[in-house]
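Chemist: Please find one structure pasted underneath; my questions will follow.
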Amino acid sequence: MAAAKPKSKPKQQEVLFPQMSDHQFNQLMGLGMVFVAICIFIAFFSYLSTWKDDQSAILNQSAFDFLLNGEHIVYNSLGRLGALVSHLFFYRLFGVSSFALAALLLLAGIDLVAPRLHIPLRRYTFNVVLMVVILSLALGHFTKGSDFPYGGGFGTVLASAIYGFLGWGAPVLFVCLLVALFLYLFGIGLDEFLAQVYWVIQQTYEQFIQVFFSGKKNTSATTNSTTFTKKEKAATPVAETDIAAEGVEDNTMTQIPKAVVNEEIDMQAVKSRGKNLIDVLAEQNQQNNPKSLHEDLMLDIEFSRKPAPSSPQSDTTPPPKTAADSKETADTPLFSPELLKDYDPREDLSYYTFPAVELLNDYGQQEVSINEEELKANKNLIVKTLSEFSIEIQKIKATVGSTITLYEIVPAPGVRIARIKSHEPDMALRLAALGIRIIAPIPGKGTIGIEVPNHHKEVVSLRSIIESEAFQNCNYDLPIALGTSITHGDYISDLAKMPHLLMAGATGQGKSVGINAILLSLLYKKHPSEIKFVMIDPKKVELSIYESIKNHYLAALPNEEDCIITDTKKVINTLNALCVEMDNRYNLLKNAAVRNVKEYNAKFTKRRLNPENGHQYLPYIILVIDEFADLIMTAGKDIELPLTRLAQLARAVGIHLVIATQRPTVNIITGTIKANFQVRIAFRVSSKTDSRTILDDSGAEQLIGRGDMLLLAGADTIRLQCAFVDTPEVERIIAHITRQTGYGAPFELPEYTADDSGGGKDGLLLQERDALLMKPPP
């Protein structure tokens, strides 16, 4: 028998530069592209003045002979190569629009050198190609007959062909293409463009009247373009007569809001600050009637997945009008409201597109399957166990969920609920299941619930909740998809109504998945201009994936490179900076005579607050802390005091907290923390003591893990299965957001230093101490 040949080792692929990393290679490539782009710009600009001198020499010989022949003098600043490349792009191809191609090459090189800038090259490439083609066609037609090749050979030849086909329709087509290109590149509508053109014509006409007919003032134009102050009212009786003729009382000026009495408003600046903000939200659909199966032993089976969840935080009634609102409505406007549109905070990133639901994994049709044999066996064991202790039941119903099944029993008259609750260990022993929990009684029902884990557990994907009508049509301010429940189906809640959320549980039970589900829910519904995140991650690995969207959704201290905060000292400064931001927002709310940030933003979008007085659109700020116990152990009161201030006061100004910890002990979750976090989530814990620390009741120690959780919302405790989202799904969504254009920098929090706290322990200000006292001992 022949001996087996030894396996030959695969040859390793030879690397051209083994000592160079991919990052270094990309930077060298980027520097080369930047160098080439700068050279092309030099050649193009030189071609504008030297094209006549070099063109005859290039046309009379081939490109190869022109480059090697040294007889002819070349006037281009980049020599023969620059003259040849410029002639190719200007004379043969696209003309003046070739400058855009050089700019695109420069951007591509900068993107390789500095990838943190996140330049959207795909969108820029499409825009540049579209602009080059349209400009080349238009210039080739309208500059036909000119000596200089404005449209290039491509634009001139193609424009002539279009003109031969359409005749006089060709220039109309080119003008329409230019207008459409302008509207597309600047992201404005045709109606707004025409309104701006009309406004420019009107302003030009007014200036013409004032210059050539200074003795006759157009009062109507003056009232539309400027705001009268008290001095102007006394000096212009004509304008005062016109206003009085419209039925306005003589004390009109005293009714003007204080924010705009003593200053003039530039109408052009106000008009350019935004567009209409249109939020069309549909009402939630009614819950479907559950299917039931009646048996001779009174066992009713129904599904738990329903299309419309019921959240205790839902509040669809509009807020009542305040006295300040009615006063603002009654005030006489300073200008015609038809001339201004509502401010749109999304206008700065009007091209932003929300992530598609296809970026999340599809785990198939998540219909809960019914195993009737398992249900009947569990029913018989429950009835038999209770009968052994002389507890009779009249009816039993089973509601099948994704991970657990709820058996609702109606005990016979005279049976004490405490007796059924005391036999919970016996029930777990007979059913041979982990995580048996008895709810005695079920809130809102006259039944007792027994939750039994299923042998076959279904995966509750985040995609199934995101694409549901209940989530897509919800009108919550901050909608979050928590998971599914037995009685409510897909459970969607409003973080703005909570207003803060505390999550706790042992390691590996689903806290990080729950945080990702909450964050992705907000990313699917809120625009970057409407919400900002402050992320604190002492473990340094859980939230680092969100670093790349810092210019879209994250907030940070000034001059901070890393938006995911991991250092304890920076955490203290960040929390105190949030307290400063909270105080500043309360001052804005006070000056605007409103009670919360929702009313304030509604006023600002209706242009009833003057931005020149410091008013601005206030996005929601979500503070996310992944491991709260580690911060308390390292900083203690320095962390707890500003966090308590935020928990007590920050709700009205749109700052909300999401805190997670794996050590739910009394020294971590103190009474002050629990008093301000009314909504809490408990994943599986190791003892009843930890469960009582989180929920003020036992039950969390009997959960089965892997996203199984208890939600304490008010007085009710609801069992939920957390929506599952994997790390590759988060990476795809973050990559989708990163590829798009963001703001120039993260949202900047107020700067905070230790001096802002007011001084040291002895009551003296730090700057008033002796300089020697500030030095450390030798």
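The values are calculated or read from the model by the stated rules, or taken from the named source; none is laboratory data. Quick caveat: nothing in here was measured; it's all calculated off a predicted structure. Every residue, glycine among them, receives a Cβ derived from its backbone with ideal geometry; neighbour counts consider all protein chains shown. Just the protein is used for accessible areas: all its heavy atoms, side chains included, with ligands, DNA and RNA removed. Shrake-Rupley method; radii C 1.70, N 1.55, O 1.52, S 1.80 Å.
Chemist: Return the pair list, or none, for Cβ contacts closer than 9 Å from residues in the stretch 545-573 that are closer than 25 Å to Ser529 by Cβ and aromatic (Phe, Trp, Tyr) to residues that are assigned to a loop (DSSP other than H, G, I, E, B) and open to solvent by less than 40 Å² (accessible area, probe 1.4 Å), at least 6 apart or on different chains.
Modeler: Every condition considered, the pairs that remain are Tyr546/Tyr553; Tyr546/Cys563; Tyr553/Lys526; Tyr553/Pro528; Tyr553/Gly742; Tyr553/Pro746.
Chemist: Sticking with this one: Taking the conditions exactly as written (assigned to a strand (DSSP E or B) and either open to solvent by 10 Å² or more (accessible area, probe 1.4 Å) or farther than 24 Å from Ala713 by Cα (or both)), does Lys532 satisfy them or not?
Modeler: Against the criterion (assigned to a strand (DSSP E or B) and either open to solvent by 10 Å² or more (accessible area, probe 1.4 Å) or farther than 24 Å from Ala713 by Cα (or both)), Lys532 qualifies.
Chemist: Could you figure out which of (1) in contact with a Leu (Cβ under 8 Å, 6 or more places away or on another chain); (2) open to solvent by less than 50 Å² (accessible area, probe 1.4 Å) isn't true of Leu166?
Modeler: (2)
Chemist: Quick one: count up the residues across the stretch 643-675 that are among the charged types (D, E, K, R) and open to solvent by less than 10 Å² (accessible area, probe 1.4 Å).
Modeler: Residues that pass the stated criteria total 0.
Chemist: Let me ask another. In the list Pro453, Pro443, which residue meets the criterion of being open to solvent by 30 Å² or more (accessible area, probe 1.4 Å), farther than 14 Å from Leu386 by Cβ and touching a strand residue (DSSP E or B) at 6+ places or on another chain (Cβ under 7 Å)?
Modeler: Matching residue, one of Pro453, Pro443: Pro443.
Chemist: Might you let me know whether the stretch 679-687 holds any residue that is free of Cβ contacts under 8 Å to residues at least 12 places away in the same chain and surrounded by fewer than 17 Cβ atoms within 10 Å (Cβ to Cβ)?
Modeler: Scanning the stretch 679-687, I find no residue that is free of Cβ contacts under 8 Å to residues at least 12 places away in the same chain and surrounded by fewer than 17 Cβ atoms within 10 Å (Cβ to Cβ), so the answer is no.
Chemist: Got a number for residues in the stretch 544-570 being open to solvent by less than 10 Å² (accessible area, probe 1.4 Å) and either within 19 Å of Pro355 (Cα to Cα) or among the acidic types (Asp, Glu) (or both)?
Modeler: Total meeting the criteria: 5.
Chemist: Please enumerate the residues belonging to the stretch 210-235 that are exposed (fewer than 14 other Cβ atoms within 10 Å of the Cβ) and either under 37 Å from the mean Cα position of the chain (by Cα) or at pLDDT 70 or above (or both).
Modeler: Val211
Chemist: Taking only the stretch 740-751 into account, find how many residues are touching a helix residue (DSSP H, G or I) at 6+ places or on another chain (Cβ under 9 Å) and surrounded by 14 or more Cβ atoms within 10 Å (Cβ to Cβ).
Modeler: Here the count works out to 5.
Chemist: Among the residues of the stretch 696-739, what is the count of those that are open to solvent by 10 Å² or more (accessible area, probe 1.4 Å), modelled with pLDDT of 90 or more and part of a helix (DSSP H, G or I)?
Modeler: The number of residues fulfilling the criteria is 7.
Chemist: For residues in the stretch 593-609 being of a type in the set (A, V, I, L, M, F, W, C) and in contact (Cβ under 8 Å) with a residue 60 or more places away in the chain, which is farthest from Ala652 (Cα to Cα)?
Modeler: Residue satisfying both the conditions and the ranking: Leu609.
Chemist: Okay, moving on. So in the stretch 603-621, with the set limited to residues that are out of contact with any Asp or Glu (no Cβ under 9 Å at 6 or more places or on another chain) and assigned to a helix (DSSP H, G or I), which one is farthest from Leu523 (Cα to Cα)?
Modeler: Out of the qualifying residues, it is Pro611.
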